[in-house]
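Report on the following structure.
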Amino acid sequence: MSSLLQIQNLSVDFTSDLGQTTALENISLQVNKGEIAAIVGESGSGKSVTSLSVLQLIPSPPILYTSGNIVADFEGEQINLLTAKRNALQEIRGNKIAMIFQEPMTSLNPVMTCGKQVMEAILIHKRISQKEAKQRTISLFEKVKLPDPSRIFNSYPHQISGGQKQRVMIAMAMSCEPSLLICDEPTTALDVTVQKNILELIKELQVQNEMGVIFITHDLGIVGEIADRVVVMYKGKIVEQNIATNIFSKPQHPYTKALLACRPALHPKGEKLPVVSDFMEVNDSGEIKEKTEVRSKKYEIQDEVQNENLFGEILLKVENLKVYYPTKKSLLGKILAYTKAVDDVSFDLYKGETLGLVGESGCGKTTLGRAILRLVEPTSGKIMYQGNDLLAADKKKLKKIRENMQIIFQDPYSSLNPRKTVGDAIAEPLKVHHILPDSKQRKKRVLDLLEKVGLKAEHYDRYPHEFSGGQRQRIVIARALALEPSFIVCDESVSALDVSVQAQVLNLLDDLKKEFQLTLIFISHDLSVVRHVSDRIIVMNRGKIEEIGSAEEIYQHPRSPYTQKLLLSIPKGYKH
């Protein structure tokens with residue numbers, strides 16, 4: 001295989017008023033023609049800095065390249081990207097080396113149609129007419145299997161789904177037939193079925209065009225599905241690199257072993273998930289020491305729930321719930337058509353149960369979770385919570401009931417006020433519901449909660465931007481627990497977290513569930529996580545319940561073709 005890209009002894013620092021911070025330390029890797037090299041590691045490991053350095057997309061300052069070279073080889077013509085002139089880089093970006101970014105919605109221009117954005121990339125690099133550029137764009141949309149390419153050509157980003165937006169980004173990246181494609185977490189927020197289709201598409205295009213691909217991800221399931229070679233990064237260093245089969249079957253570094261062991265699919269329900277600190281420790285000089293004996297942390301594994309009646313008391317009863325949104329009105333305002341987000345859904349939730357709610361984007365799972373809490377107003381139906389009819393309750397009564405019902409949102413950063421300290425954010429529900437007589441007692445409660453979720457008292461006066469994603473999720477969990485609720489809706493609460501941080505948060509939720517006798521609805525598109533935490537699972541499709549059963553029953557013997565399709569879409573890397 002001929003080399004496309006060589007990163008040689010690269011060290012990168014970030015400068016600020018507070019001094020210099022090392023982002024990459026002496027890393028070396030190679031990407032060959034026709035090869036998919038995956039870079040894996042947790043947030044802050046240096047994956048994205050590596051990829052952005054290749055295309056010189058981080059301004060200087062703050063970035064400072066203290067040593068090393070990044071050499072690209074285009075059919076025998078070698079160029080050092082670190083020392084290349086601006087004009088040379090503009091010729092390479094999008095033409096020779098293309099990039100698919102993590103979040104397509106923020107990568108696409110909201111005021112330009114999808115077609116014009118792809119055309120723009122073609123016209124910059126290719127000397128062709130507008131008409132030819134349009135034809136090529138529609139042809140690319142067909143190639144990336146977008147439905148009705150002519151319609152999507154004239155659509156704005158907000159008018160198409162997440163998976164379709166990602167396909168538009170792939171079409172844009174492929175528009176000039178690059179030699180090297182960089183994919184930075186391109187499937188992080190996608191459903192398993194959409195994710196599978198995107199992975200298959202990238203692999204197919206890579207084979208057709210004999211491209212080299214750098215695939216950045218924290219999801220080891222995807223790595224096992226797509227990568228030829230794997231580079232494992234930890235705190236700015238490459239700790240291990242090898243062919244993918246060897247990484248999965250014979251990992252050498254304790255950090256790689258830890259990442260592989262953290263996956264929920266490998267552990268039975270009730271077993272505490274291992275975390276990175278179980279496998280290694282870092283001394284004061286930054287040296288990694290492998291722990292010779294990995295602690296096995298297990299709960300008393302409960303018998304699998306075979307019968308709903310084992311739970312006894314029904315906490316929540318949902319009957320014929322409908323949430324319809326009007327989509328078309330006549331000139332006189334009469335509603336002519338609806339989107340049926342939740343369509344005639346009925347189920348019981350038992351006290352102490354964790355009920356998993358799964359399905360693709362748009363299936364209605366988040367709308368259902370919010371409708372139960374009256375954050376979205378139902379169109380019709382019945383929601384009974386501890387004998388109280390939530391749809392018939394007045395505002396005063398509903399407020400009192402809502403003390404016992406909380407939600408943990410998908411994105412902890414957007415659900416925290418950036419201008420409020422963490423302490424104030426957690427104390428806010430205590431003030432709103434007039435719990436505890438004074439600020440001193442409320443502060444004591446908040447400090448206890450911070451400790452319970454694994455944070456420290458010194459975090460009380462810090463702001464959300466000063467924390468990592470996993471820490472912010474812990475803050476949101478602490479806020480949800482402030483009123484000592486009996487029922488919590490967890491809406492994709494671990495979907496964007498690294499596998500090791502995800503393991504920590506899932507362990508925390510399990511500990512808190514036992515301590516506070518919580519009942520949970522756990523919404524997720526990750527079936528391996530849902531299987532690990534849930535007693536029963538509801539599968540939703542187009543607003544309706546497709547099937548319901550115990551976690552093992554759904555996972556091992558799915559009855560519905562839709563559930564079977566979801567399970568077949570789980571990356572094979574989870575099964576290594």
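Output the antiparallel fraction of DSSP beta bridges having both residues in the chain, as a percent to the nearest 5. List each step's numbers first, then the result.
Values: 56 of 92 bridges.
The antiparallel fraction comes to roughly 60 percent.
For Cα pairs less than 8 Å apart in space and 6+ apart in sequence, what is the mean separation divided by the residue count of the chain, i.e. the relative contact order in percent?
Working: 1122 pairs, mean separation 85.6, N = 576.
With pairs under 8 Å counted, the relative contact order is 15 percent.
Assigning unit charges at the beta carbon (Lys, Arg +1; Asp, Glu -1) and nothing else, what dipole magnitude in debye, to the nearest 20, does the stretch 384-513 show about its Cα centre?
On the way: 21 positive and 18 negative charges, 128 e Å.
Roughly 620 debye, rounded to the nearest 20.
Simple point charges give the picture: +1 on the Cβ of Lys and Arg, -1 on the Cβ of Asp and Glu, and for the chain a dipole about the Cα centre of about 1760 debye. Residues Met384, Met211, Met105 ordered from highest to lowest accessible area at a 1.4 Å probe: Met105, Met384, Met211.
Tell me the per residue accessible area of the stretch 102-200 using a 1.4 Å probe; a whole number in Å² is fine. Show your work: numbers first, answer last.
Numbers: 4460 Å² over 99 residues.
Spelled out: the 1.4 Å probe surface of the stretch 102-200, per residue, equals 45 Å².
Sort Leu336, Leu64 by heavy-atom solvent-accessible area, probe 1.4 angstrom, most to least. Working shown, then result.
On the way: Leu336 100, Leu64 70 Å².
From most exposed to least exposed: Leu336, Leu64.
Normalised by 2.2 N^0.38 Å, where N counts its residues, the alpha-carbon radius of gyration of the stretch 455-522 equals 1.11.
Solvent-accessible surface of the stretch 250-295, taken per residue with a 1.4 Å probe and all protein chains present: 51 Å².
Within the stretch 134-261, antiparallel bridges make up roughly 55 percent of the DSSP beta bridges whose residues both belong there. In the stretch 240-288, inverting the average of 1/r over every pair of distinct C-alpha atoms gives 12.1 Å as the Kirkwood radius.
Rounded, prolate or oblate: which fits the stretch 42-84 when a ≥ b ≥ c are the square roots of the eigenvalues of the alpha-carbon gyration tensor, with rounded for a/c under 1.5 and prolate only if a/b beats b/c? The shape class here is prolate.
For Ile124 and Leu57, calculate 0.36 nm times their separation in residues minus their Cα-Cα distance, and state this gained length in nm to one decimal.
Details: separation 67, 0.36 × 67 = 24.12 nm, distance 1.80 nm.
This chain segment gains 22.3 nm when fully extended.
Computing FRET efficiency as 1/(1 + (r/R0)^6) for Tyr413 and Arg542, where r is the C-beta to C-beta distance and R0 is 30 Å, gives about 0.50. Taking only the Cα atoms of the stretch 358-486, the radius of gyration and Dmax are 16.1, 47 Å. Considering only Leu180, Val232, Ala258, and ranking their Cα positions along the charge dipole of the stretch 180-301 that arises from unit charges at the beta-carbon of Lys, Arg, Asp and Glu, the one farthest toward the positive end is Ala258.
Rounded to the nearest percent, how much of the accessible area of the stretch 402-473 (1.4 Å probe, protein heavy atoms only) is carbon and sulfur? The nonpolar share, carbon plus sulfur, comes to 45 percent.
How do Val422, Val432, Val111 rank by accessible surface area computed with a 1.4 Å probe, from largest to smallest? Present the calculation step by step, with values, prior to reporting the outcome.
Numbers: Val422 0, Val432 75, Val111 115 Å².
So the residues, ranked largest to smallest area, are Val111, Val432, Val422.
For a Förster distance of 41 Å, can you work out the FRET efficiency between the beta-carbons of Lys565 and Asn388, rounded to the nearest 0.05? Working from the Cβ atoms, E equals 0.60. Shown here: Cα extents along the principal axes in Å, derived from the displayed model; of the candidates [x] 79, 54, 48; [y] 75, 68, 48; [z] 82, 61, 60, it corresponds to [y]. The simple spin-label model puts a point 7 Å past each Cα toward its Cβ; for Thr15 and Ser468 those points are separated by 2.8 nm. Annotation: extensible slack from Lys340 through Thr22 equals 109.4 nm (criterion: 0.36 nm per residue apart, minus Cα-Cα distance).
How large a share of the accessible area of the stretch 80-130, in percent, is made up of carbon and sulfur atoms when the probe is 1.4 Å and the other protein chains stay in place? The computed percentage sits at 51. Only helices enter the 222 nm calculation for the chain: every DSSP H run of n ≥ 4 contributes -39,500 (n - 2.57), and dividing by all residues gives -10000 deg cm²/dmol, rounded to 500.
Take the residue pairs Lys396/Lys514; Lys235/Lys514; Lys47/Lys291 and return only those whose Cα atoms are more than 28 Å apart.
Lys396/Lys514; Lys235/Lys514
When the surface is traced with a 1.4 Å probe over the full set of protein chains, Asp424 keeps roughly 70 Å² accessible. In a simple Cβ point-charge model (Lys, Arg +1; Asp, Glu -1; nothing else charged), the stretch 377-459 has a dipole of about 300 debye relative to its Cα centre. Taking 0.36 nm per residue of separation and subtracting the current Cα-Cα distance, fully stretching the chain between Thr106 and Ile314 would add 70.6 nm.
The values are calculated or read from the model by the stated rules, or taken from the named source; none is laboratory data. The structure presented is a predicted model; accordingly, all values stated were derived computationally and were not measured. Virtual Cβ from ideal backbone geometry, glycine too; neighbours counted across all protein chains shown. The area values use the complete protein model at the heavy-atom level, side chains included, leaving out ligands, DNA and RNA. Shrake-Rupley method; radii C 1.70, N 1.55, O 1.52, S 1.80 Å.
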